[in-house]
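The values are calculated or read from the model by the stated rules, or taken from the named source; none is laboratory data. Computed from a predicted model, the values in this text were never measured in an experiment. Ideal geometry is used to build each Cβ from the backbone, glycine not excepted, and the neighbour counts take in all protein chains shown.
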Amino acid sequence: MKNFKIADRDIGKGHPCYIIAEVSCNHNGDFDEAVKIIKAAKYAGADAVKLQTYTADTITREFTKMPKGTMWENLDLYSLYKKAQTPWDWNEKLKKVADAEGLHIFSSPFDETSVDYLVEQGVPVLKLASFEVVDIKLIEKMASTGLPIIMSNGMTDFLEMDEAIRTLRRCGAKDIALLHCNSGYPARFEEANLKTIPVLKEMFGCVTGLSDHTLFNDPDNHTQPMAHVAPLEAVKLGAKIIELHLLMDRAEAKALFDKYEGGYDWAFSREPEELKQMIDMIRQYEKNGQFEYESDAERNAAAHARGHVCFDPTEKEKASRLLRPTLWVTEEIKKGETFKFAAQDKNDGNFDSIRPGAGLHIRYTDFIEGSKAARNIQKGEPLDWDMVDLNT
């Protein structure tokens, strides 16, 4: 396992677990709420806060539809990201808040333009989100920055995970952390399969950790929160980075979600006291190698969370896979016209990698770029092989 640094922090074997509080969309479009979450992360003892950097037009387009099977299936895809996005002009101001609190702040980019923006902002590390593990062009761009990369493996099968790691290394990333993740929202303890964490370390030779979406002991009814269990078990299995979502008031967020007005991550986000309890218990374990659960329910949840070594998506994750980006035609293309990938300028190109997962895999981008259209193609069609003249 290769240790590395994030800014002034040593990450890996022999060092304390690095705790990341994910702000995500839990600010609900309110800058002051984002500030409260950052300050709550400091109160709880976190090391860093993380944002997400995208716009509705860089992550999807108005012509797309939301796939079925996730907790967001009743929402319009484009409108969801329009409401959930963190305005880019918040970044500099939020960095000042985080700096004043002594916290690192960084982000997950969701397209190539957001990578450039985050590099300009001076982030110390980049996060490759689970949904973007299939976006080979984004991975190449992130790796080329030379920054440390933290990657989550939610929804992946082994070959997808291996391809992403190989691409990062091929394109210049030297410092990589791999976070085991279950992208069921919320994830069940019995689907966490934390025993995979030490195996990932041995297989890929990098720092490992957990990006956690478990929360409720009864996830069907969203009751019996046990926010500390999976991260504690992950640390016992060698996790050196823990990432989880933080909000101020889960009941308030759920009320917004029920009205489709916000709270989109309420079902897997910790409240400040829950995060503090978890971090306090992790630090206790790091100090003396011991901690005790208070109830049989916690002990049972811990046993379920350990699970078994698993490199395949769970049944719940298979629905989430439909939200991953693929290649779409974003402008009308006439037969015989040239395909041009819209990487750096979303207005200068006719196909792009966006959500959801209805088109060709993004690994084919370089092959398709420069080819001719085999037929007339309408804006908003998922890209498929019958559109590409393979003889050009």
By residue number, the members of the stretch 4-41 that are basic (Lys, Arg), more than 21 Å from the chain's Cα centre (by Cα) and either closer than 19 Å to Ile241 by Cα or in a loop (DSSP other than H, G, I, E, B) (or both) are Arg9, Lys13
Is the stretch 299-317 home to any residue that is touching an Asp or Glu at 6+ places or on another chain (Cβ under 9 Å), under 29 Å from Gly29 (Cβ atoms), in contact (Cβ under 8 Å) with a residue 12 or more places away in the chain and assigned by TED's automatic domain parsing to the domain that holds Ala44? yes
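For the condition over 27 Å from Ala173 (Cβ atoms) and of a type outside the set (Lys, Arg), what is the one hit in Phe106, Phe4, Phe31?
On the way: Phe106 fails: over 27 Å from Ala173 (Cβ atoms); Phe4 fails: over 27 Å from Ala173 (Cβ atoms).
Going through Phe106, Phe4, Phe31 in turn, just one is over 27 Å from Ala173 (Cβ atoms) and of a type outside the set (Lys, Arg): Phe31.
If you take the residues in the stretch 99-119 that are in a helix (DSSP H, G or I) and surrounded by fewer than 21 Cβ atoms within 10 Å (Cβ to Cβ), which one is farthest from the chain's Cα centre (by Cα)?
Going through the stretch 99-119, the residues in a helix (DSSP H, G or I) turn out to be 99-101, 112-119.
After this cut, where a residue has to be surrounded by fewer than 21 Cβ atoms within 10 Å (Cβ to Cβ) as well, the list is 99-101, 113, 116-117, 119.
Numbers: Asp99: 23, Ala100: 26, Glu101: 24, Thr113: 17, Asp116: 18, Tyr117: 18, Val119: 18 Å.
So the residue we want is Ala100.
Name the helices (runs of 4 or more DSSP H) wholly within the stretch 295-392 that hold at least 3 residues that are of a type in the set (D, E, K, R)? Break it down into steps so the answer makes sense when it comes.
Details: elements: 296-306, 315-321, 365-368.
It comes to 296-306, 315-321.
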(message) Any residue that is touching a residue at least 60 places away in the same chain (Cβ under 8 Å) and part of a strand (DSSP E or B) - is there at least one of those in the stretch 120-133?
(response) yes
Among residues of the stretch 42-63 being in contact with a Lys or Arg (Cβ under 8 Å, 6 or more places away or on another chain) and in a helix (DSSP H, G or I), the residue farthest from His228 (Cα to Cα) is Asp57
When (1) closer than 25 Å to Asn221 by Cβ; (2) in a helix (DSSP H, G or I); (3) among the aromatic types (Phe, Trp, Tyr); (4) in contact (Cβ under 8 Å) with a residue 24 or more places away in the chain are applied to Tyr264, the one that fails is (2)
Requested in this report: Might you let me know whether the stretch 53-75 holds any residue that is over 22 Å from Leu323 (Cα atoms) and buried (at least 17 other Cβ atoms within 10 Å of the Cβ)?
Outcome: no
Self-check item: Residue within the stretch 282-289 that is assigned by TED's automatic domain parsing to the domain that holds Ala84, aliphatic (A, V, I, L, M), surrounded by 16 or more Cβ atoms within 10 Å (Cβ to Cβ) and closer than 27 Å to Glu202 by Cβ present
Solution: yes
Item checked: Residue within the stretch 280-291 that is closer than 21 Å to His222 by Cβ and out of contact with any Phe, Trp or Tyr (no Cβ under 7 Å at 6 or more places or on another chain) present -> no
Conditions (1) in contact with an Asp or Glu (Cβ under 8 Å, 6 or more places away or on another chain); (2) of a type in the set (S, T, N, Q); (3) within 19 Å of Thr113 (Cβ to Cβ) -> Thr326 fails only (1)
